[in-house]
1. Once Lys and Arg get +1 and Asp and Glu get -1 on their Cβ, which of Asn166, Gly26, Phe98 lies farthest toward the positive end of the dipole of the chain?
2. Mind listing the long-range amide H neighbours of Ile83? Cut-off is under 5 Å, sequence gap 5 or more, other chains count too, H placed in the peptide plane at 1.01 Å from N.
3. Using 7 Å Cα-to-Cβ label points, what is the Asp222/Arg121 separation (nm, one decimal)?
4. Assign one of three labels to the stretch 56-150, namely rounded, prolate or oblate, based on the Cα gyration tensor with a ≥ b ≥ c the square roots of its eigenvalues; rounded applies when a/c is under 1.5, prolate when it is not and a/b is larger than b/c, and oblate otherwise.
5. With a 10 Å cut-off between alpha carbons and a GNM built on the chain, which of Val183, Val76, Val214 moves the most?
6. Please list the non-local residues whose amide H lies under 5 Å from the amide H of Arg121, H modeled 1.01 Å from N, same-chain partners needing a gap of 5 or more.
7. Sketch the reach of a paramagnetic label on Arg62 as a point 7 Å from Cα along Cα-to-Cβ, and name the residues of the stretch 113-129 whose backbone nitrogen lies under 19 Å away.
8. Magnitude of the Cβ-charge dipole of the stretch 4-230, K/R +1 and D/E -1, about the Cα centre, nearest 20 debye?
Amino acid sequence: MNDRTALVTGANKGIGKHIARLLAAGGFTVYVGSRDAERGRRAVAEIGDGALALDLDVTDPRSVAAAAARVDRLDVLVNNAGISVSLDPPQASGVAEFRETFETNVFGVVAVTNAFLPALRRSARPRIVNVSSGTASLAWSTGPNPQFLTGAGGAAAYRSSKAALNALTVLYALTLDGEGFKVNALAPGARATDLTPRAAALGGDPAEGAEGAVRLALLPDDGPTGGFFSWDGTPVPW
């Protein structure tokens with residue numbers, strides 16, 4: 001097993017699989033987290049050397065606990081698993097949609113992060129990367145020329161869940177800073193995945209977004225923490 005270890009949640013497809021592939025190519029042993037065991041194993045076969053399947057449903061406490069019990073030490077945690085149920089504005093979404101979305105995008109991140117903190121604390125340079133979205137930027141949404149509104153229909157549940165994830169990123173960064181952690185949020189850009197299939201028309205390559213996550217996973221000791229960054233390293237306003 002390689003000296004450095006990483007866990008990527010929701011890594012059986014899309015940006016998550018590309019993140020896992022890049023980390024494995026960089027010499028990490030990468031736990032490929034997937035709630036679908038068969039898809040997880042297929043992803044591991046595609047990635048090849050350095051990849052290990054890890055059954056992990058971030059919304060299931062028993063699954064999270066079982067996965068954490070398998071990992072003794074962890075250098076990098078990438079909270080990538082996320083869902084988007086619809087593009088509806090809040091008045092058309094319904095409480096059930098918000099609950100379902102927050103269960104994965106927010107509560108799942110808390111559950112996984114807290115469960116793997118003991119393993120991360122055994123690392124000399126623990127890093128946590130939370131995959132967020134540029135659509136979660138309140139500054140971009142409320143400026144003189146609001147972005148991400150036209151044609152998006154709101155996507156209220158998704159966008160508000162990612163805004164909450166950004167707040168969690170700051171709080172984890174503040175409270176773990178004294179232990180050497182670097183905790184940051186990533187806006188990977190519009191990418192052609194199951195989450196945003198219509199991004200294909202924009203030429204959104206998931207591999208390009210994944211590069212931003214790997215950059216944050218490999219931050220040096222003097223790197224930033226508690227920040228929100230685009231895939232290319234540009235700071236994103238909260």
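1. It is Gly26.
2. Placed amide hydrogens put Asn105 under 5 Å from Ile83.
3. Spacing of the two 7 Å Cα→Cβ label points: 2.9 nm.
4. oblate
5. Sorting by GNM fluctuation, first place goes to Val214.
6. For Arg121, no residues qualify.
7. 115
8. Rounded to the nearest 20 debye, it is 220 debye.
Only the coordinates and a few stated rules stand behind these numbers; no lab work does. No experiment lies behind these values; they were computed from the predicted model shown. No Cβ is skipped: glycine too gets one built from the backbone with ideal geometry, and neighbour counts run over all protein chains shown.
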